[in-house]
Amino acid sequence: MSEKAEWGNVCSRVDTCALTGAAAFFTGIKGAEVLVNGPLWCYFYALRHLEKSNGRLGERFHGSQPDNNAVVYGTEECLTEALEYICENRQPSILLIENSCSVSLIGDDIEGIAAKADLPFPVVGMDSGGLNGGFAEGYSKASLRLWQYLDLPVIKTKCRLGVNLLGCTTAYFNGKNDIEEVKRILETVDYRIIAVPGANSDFDTLQKVPAAQLNIVINEELGLETAKYLKERYDIPYVVAGMPYGIKGTLRWLEKITAVLPTDISSIYEECAKMAEELVSASNEARVTWGELWFDKIIVAAPGSTAVCIAQALREEWADTEKLTVICQNQVKRLPMPQEADEILIAAQDSKKIEQLLHQADNALILGSSSESSVLMRENKHFYACNIAYPVQDELLLAAVPFAGIRGAGHMLQRLWNLKIRSHLLY
């Protein structure tokens with residue numbers, strides 16, 4: 001990295017704006033649609049990111065395309081035209097209208113404009129431009145806005161072992177597969193998953209959210225504020241569990257949940273023991289030929305919950321290193337910081353340290369995104385790259401295999417060993 005380069009410029013390529021985060025939450029509701037009240041740049045920027053997890057998202061993702069005059073005199077005309085199109089051609093279960101940064105400055109009453117259009121479906125409006133923060137801030141704000149709009153009645157008779165999963169999104173790298181593994185583990189021990197807001201639960205299912213006995217926050221940066229609101233509004237307790245990585249990490253994760261809402265988890269203990277035995281056997285075989293799974297330095301760079309939870313599994317179960325550094329895109333406060341980490345940095349606060357770290361990261365393992373890899377490539381560094389966060393330009397995931405949970409433990413260890421083995425090969 002050149003002396004004049006700023007890590008902040010690189011960081012802007014590993015996070016996306018609040019408009020994208022808000023759209024991710026609403027397009028994560030089956031049948032819901034989104035109307036971006038802003039220029040085409042904002043529309044395509046968000047669409048490009050979100051369609052990675054849903055190739056047909058463009059059918060449910062619309063733009064009002066205000067011109068230069070609208071930015072000065074108001075967007076009512078172009079917004080009304082866009083609403084007329086949706087009304088005539090689409091039947092959303094609910095529509096989010098979100099203002100971009102520039103349109104937010106105008107102060108248009110978008111919900112008032114929608115009310116005048118007399119639409120046959122519910123409409124939620126909000127300002128969600130990048131000036132309001134990044135992806136996590138937009139997602140969290142959109143989630144809160146939905147529950148405030150719905151204002152569902154209190155359900156006194158709760159569903160036994162019923163849980164909601166909060167802070168989930170398929171817009172994280174391999175997010176869909178990780179969510180499916182989390183659901184599988186919970187259902188194996190008899191939890192009943194009522195809803196996963198923002199990750200493919202439909203609009204009717206969301207009406208049942210107050211019936212849960214517990215809300216499980218998977219990604220703190222996305223779901224914590226919603227969990228607080230639902231606790232206050234419906235008295236649903238919550239636990240900030242994080243994402244389970246590794247065998248020990250999965251058991252620790254599940255024990256954290258059962259401490260609040262008990263159930264028999266003996267079947268998962270058995271599954272974990274079997275998987276652990278297989279992984280130890282395979283790793284021992286690899287060690288005979290290739291030596292220890294060691295990297296001089298390991299850098300984990302990802303959204304806050306992902307980074308913190310993967311870092312704990314790394315040194316505890318998968319690989320060893322002289323120094324483990326964790327770079328969190330967002331600050332997390334409820335999840336325990338990994339004791340295994342030698343240094344924890346926050347992207348928005350520690351840009352100079354991160355720049356220096358990457359400048360010195362020779363012979364390092366990077367668990368991050370293509371953005372970190374591109375920096376090291378320009379520096380002509382030798383490094384190992386294992387993608388765990390967007391943007392990803394150098395890997396394609398097609399198989400339905402998670403990074404998280406019991407199945408993910410084998411997948412991640414496989415990826416790390418293969419990186420090490422390929423570095424020894426001459427072809």
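Between region 259-314 and region 109-127, how far is it from one alpha carbon centroid to the other, in angstrom?
Here the answer is 48 Å between Cα centres.
Please identify the trypsin sites (Lys or Arg not before Pro) of region 12-68 that satisfy two criteria: DSSP loop assignment and at most 10 other Cβ atoms within 10 Å. Which are they?
Here the sparse-neighbourhood loop sites are R56.
Would you kindly calculate the translational diffusion coefficient of region 116-223, applying Stokes-Einstein with the Kirkwood radius from alpha carbon pairs, for 4 °C and a viscosity of 1.567 mPa s, and quote it in µm² s⁻¹ without decimals?
Reported coefficient: 85 µm²/s.
When N counts the residues of region 135-197, how does its alpha-carbon radius of gyration compare numerically with 2.2 N^0.38 Å, as a ratio? Kindly include the intermediate steps, with their values, before the conclusion.
Numbers: Rg = 13.7 Å, N = 63, 2.2 N^0.38 = 10.6 Å.
In units of the 2.2 N^0.38 Å rule of thumb, it is 1.29.
Round to the nearest 10 and give me the degree value, 0 to 90, for the angle of helix 76-89's Cα axis relative to the longest principal axis of the chain.
The two axes meet at around 80 degrees.
In terms of the ratio Rg/(2.2 N^0.38 Å) built on C-alpha atoms, what value belongs to region 284-349?
1.21
Output the 0 to 90 degree angle, nearest 10, between the alpha-carbon long axis of helix 18-27 and the longest principal axis computed from the alpha carbons of the chain.
Tilt of helix 18-27: around 80 degrees.
Would you work out the relative contact order for the chain, in percent, from Cα pairs under 8 angstrom that are 6 or more residues apart?
On the way: 823 pairs, mean separation 68.5, N = 427.
Over the chain, the number comes to 16 percent.
Note the direction-averaged projected area, equal to a quarter of the hull surface, for the Cα convex hull of region 353-427, in nm².
With every direction weighted equally, the projected area is 6.0 nm².
With every protein chain present, what is the per residue accessible area of the chain (1.4 Å probe, Å²)?
Normalised by residue count, the accessible surface of the chain is 44 Å².
Rounded, prolate or oblate: pick one for the chain, where a ≥ b ≥ c are the square roots of the eigenvalues of its C-alpha gyration tensor, a/c under 1.5 means rounded, and failing that, prolate if a/b is larger than b/c, else oblate.
Since a/c reaches 1.5 but b/c is at least a/b, the shape of the chain is classed as oblate.
Per the Cauchy relation, a quarter of the hull surface: what is the mean projected area of the convex hull of the alpha carbons in region 41-160, in nm²?
Taking a quarter of the hull surface, the average projection is 9.5 nm².
Straight-line reach from K353: which lysines have a Cα under 23 Å away, not including same-chain ones fewer than 8 places off?
Here the lysines satisfying the reach criterion relative to K353 are K4, K297, K323, K333, K381.
Sticking with the crude label model, points 7 Å out along Cα→Cβ, report the distance from N284 to L397 in nm, one decimal please.
3.1
Across 5 Å bins from the origin, how do the percents of Cα pairs in region 290-427 run, short distances first?
With 5 Å bins starting at 0, P(r) equals 2, 9, 20, 25, 23, 14, 6, 1, 0, 0.
Heavy atoms only, probe 1.4 Å: what % of the accessible area of the chain goes to carbon and sulfur, would you let me know?
Values: 9230 of 18840 Å².
The computed percentage sits at 49.
Once amide H atoms are placed 1.01 Å from N in the peptide plane, what residues at a sequence separation of 5 or more from D202, or on another chain, have their amide H within under 5 Å of its amide H?
Counting only residues 5 or more places away or on other chains, the set is K30.
Using Cα atoms only, what is the angle between the long axis of helix 266-290 and the major principal axis of the chain, expressed in degrees (0 to 90) to the nearest 10?
Approximately 50 degrees, to the nearest 10.
The values are calculated or read from the model by the stated rules, or taken from the named source; none is laboratory data. The shown structure was predicted, so the numbers you read here are calculated from the model rather than taken from an experiment. Here Cβ is always computed from backbone atoms with ideal geometry, including for glycine, and neighbour counts include all displayed protein chains. With ligands, DNA and RNA removed, areas are computed over all heavy atoms of the protein, side chains included. Shrake-Rupley method; radii C 1.70, N 1.55, O 1.52, S 1.80 Å.
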